[in-house]
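The values are calculated or read from the model by the stated rules, or taken from the named source; none is laboratory data. Just so it is clear, the model here is predicted, and its values are computed rather than measured. With ideal geometry, Cβ positions are generated from the backbone for all residues, glycine too; neighbour counts draw on all protein chains shown. For the accessible areas, the whole protein counts, side chains as well, though only heavy atoms, and no ligand, DNA or RNA atoms are used. Shrake-Rupley method; radii C 1.70, N 1.55, O 1.52, S 1.80 Å.
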Amino acid sequence: MNVTELARILKITPNDLREKLPKLGFDIGQKAIKIDLVMAQRILREWPFLVRKLQQADFQNIDKEKVIAIEDAVPEKKIIKIPSLLAVRDFATLANLPINKVLAELMKNGVFASINERIDFDTAAIIGDSLNFDIQLDEKQNLDEEKETHNDKKVEENLNQENEGNLSIRPPVIVVMGHVDHGKTKLLDAIRKTDVVAGEAGGITQHIGAYQVVRKNRPITFVDTPGHEAFTAMRSRGAKIADVAILVVAADDGVQPQTIEAYKIIQAAGLPFIVAINKVDRPTADLNKAKQDLVNKLNILPEDWGGKAVCAPISALNGTGIDELLDLILLTADAEAKNMKANPNSDAIGTIIESRVDKNSGPISTLLVQNGTLRVGDQIILQGKIIGKARSLKNYKGEEIKEATPSTPVRILGIKIAPAVGDVVEVGEGERVKGGLEKLAARPILASAAREEAENDNAKKLNLIIKSDVLGSAEAIEESLMKLNTEEVMVKIVSKGLGNITEGDITRAEGSDAKLIGFNIRLSPQIETLLRERKVEAKTFTIIYDLIKYVKDEMQKIMPQNKERINLGRLKVLAIFRTENKSQVVGGKVLDGQIKNDCPVEVLRNKDLVAIGRVTKVQAGKMDVPTVEQDQECGIQYEGKPIIEVGDIVQFYEEKEITTKL
């Protein structure tokens, strides 16, 4: 690894790194350009402890009087109560600190997190101590969080209650992940022999989905998670329900940002994985370079390089290596067989992987059955409340089926609401509710974003109303838009919902001065007429890139402008020619820079500001001129308080409006 690259990761200069490493026992030489990869990884891993070691050594060199003075000057620590897990953004809000300062402190301690990533209590306590805060665990918030995460543990608890003798091996569930445009959907297309890519807007998978194939008389379930960064939340849920992950990396593009993000999700879920190196048929494909990328950027050592990671070269376009990949999946699944058991005779329980409202059929949800068997007519329960019966079940091909066994993805018709993506539903007895079921399906705006918006009253706000075809997309759009927020301008989601834009949405947009955004929906002629009459702006999109770009452009339009001052030149006054009520004509010599006509000026006397005005005419050699250069003499007409004297300095300057880029 290059020393400069290591220094950049550690957020210090290369020279500082070369100076500090010998003190810590790493003798790399003062002029070293590269550093051994193993040593670099050790430095990265141990950096927080190494920094503390250096700080302790420096502290011991300070004399006692200075130490006492420093201790006396340290303010009392402010107490902050936090839950056991919270987003970096939430921590910054609670501590009333700029987000950049918190991120910098995390990096100093070897934690490289984004503003929306969650950190545990111990990490928060360490960085809080460095920032002079006393971090304490908030038991109430912790209990609330435990209730929220109960959903995720429900399936595991359900399986733990089963008698071991009733359990049998279920088909493996495979999640496909990787960078956008690296060929994940094309890979599934090759596996399923169906053209899914052609049906996706812009060739990007917009919705989560699940499919089954049979290899050597064994069914395999694939969960296809969208590749764009906006679908982080959906990908995370995909990983939670899977047994094996396929990390797709393009042979001609290597490891990219979403590849790294996907691998972090795989690691967090503790999934065994296979690396599928796709597009090996391309002339620019370089298998060795792709593998080198895996080593350098993800610390994944391929099996044929002496590591444990299985890498399968494939071409999803030509179908090369697909059978071998399926065999590798079955081998990996066999190794994990002890963790892939279910009782097909139990009442079904599973996770919602897609949810939408159809104008003809009503709410439709796709469920991945994780234990038990779901049958037509079964009563469906969400959070202890009855949400309907499975009136109809369809498999991934759209065929009517009577039952769905463990690891089977199934589309359910007959429930009264559209549960959120990631919700766990089960079959059984529950509480009957006459009304208010909608609250179960609703997902609140991200807590951190809502809190940030409430506390940041000074920021300009872009009000939006979002309507989409499916809950998964609405959630992913919201997550993505929240990442655009800054201290100057931010998105405020007034409301969001499923289905087409209605007259009620237009009325709400009028009242809140909001823009209407639709994703994968259509505007009826009546609604288009109403929008024109009421002068409400509505935009519809089928590709999330375009939607995010539109919102970003609209945020840029309302971004506050700052003025930047640029000093042009100085003129020393040598003579006063005429003085009137509100102006003067004076002569002088340009000391430095350049002076301009029609320009604001400051009058300085003995370095003190005595007046502010404007120069409306500049003459040189009795001719009007636009500019005069250094060391030249000229006359100027000054508009302002007429107090200029011989010997005064006239400072010429300009003010430019600067708009911060998002």
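Brief remarks follow.
- Residue list for the range 337-358, filter: outside any strand (DSSP E or B) and in contact (Cβ under 8 Å) with a residue 24 or more places away in the chain: ALA337, ASN339, MET340, ASN343, PRO344, ASN345, SER346, ALA348
- Where strands (runs of 3 or more DSSP E) sit wholly within the range 485-545, those with at least 2 residues that are within 22 Å of LYS460 (Cα to Cα) and open to solvent by less than 30 Å² (accessible area, probe 1.4 Å) occupy 489-498, 515-519.
- Set VAL586, VAL551: member being in a strand (DSSP E or B) and open to solvent by less than 60 Å² (accessible area, probe 1.4 Å): VAL586
- For VAL433, the conditions (1) touching a residue at least 24 places away in the same chain (Cβ under 8 Å); (2) outside any loop (DSSP other than H, G, I, E, B); (3) open to solvent by 10 Å² or more (accessible area, probe 1.4 Å) all hold with the exception of (2).
- Verdict on ILE576 being open to solvent by less than 40 Å² (accessible area, probe 1.4 Å) and of a type outside the set (S, T, N, Q): no
- Single residue of ASP281, ASP334 found to be open to solvent by 20 Å² or more (accessible area, probe 1.4 Å), assigned to a loop (DSSP other than H, G, I, E, B), within 23 Å of LEU188 (Cα to Cα) and modelled with pLDDT of 90 or more: ASP281
- Yes/no for VAL650 being in a strand (DSSP E or B) and either free of Cβ contacts under 8 Å to residues at least 24 places away in the same chain or closer than 30 Å to LYS461 by Cα (or both): no
- Just one of the listed residues (ALA404, ALA348, ALA342, ALA420) is open to solvent by less than 20 Å² (accessible area, probe 1.4 Å), closer than 30 Å to ILE501 by Cα and hydrophobic (A, V, I, L, M, F, W, C), namely ALA420.
- LEU382 being of a type outside the set (D, E, K, R), under 31 Å from the mean Cα position of the chain (by Cα) and under 23 Å from GLY497 (Cβ atoms): yes
- ARG235 meets the conditions (1) at pLDDT below 90; (2) assigned to a loop (DSSP other than H, G, I, E, B) in every case but one. The failed one is (2).
- Taken as a whole, the range 361-374 holds no residue that is in contact with a helix residue (DSSP H, G or I) (Cβ under 7 Å, 6 or more places away or on another chain), over 20 Å from ALA269 (Cβ atoms) and surrounded by 14 or more Cβ atoms within 10 Å (Cβ to Cβ).
- Where a residue in the range 600-629 is of a type in the set (Ser, Thr, Tyr) and its partner, wherever it lies, is not in a strand (DSSP E or B), with Cβ under 9 Å and at least six apart: THR616/ASN597; THR616/ASP598; THR627/ASN597
- Residue check for GLN292: modelled with pLDDT of 90 or more and either open to solvent by 20 Å² or more (accessible area, probe 1.4 Å) or part of a strand (DSSP E or B) (or both): yes
- Output for the range 378-398, where each listed residue is open to solvent by 40 Å² or more (accessible area, probe 1.4 Å) and either at pLDDT 90 or above or closer than 13 Å to ILE417 by Cβ (or both): GLN383, LYS385, LYS389, ARG391, LYS394
- Filtered by the rule that a residue be within 21 Å of GLY647 (Cβ to Cβ), over 50 Å from the mean Cα position of the chain (by Cα) and surrounded by fewer than 13 Cβ atoms within 10 Å (Cβ to Cβ), the range 609-632 gives a lone residue, ASP631.
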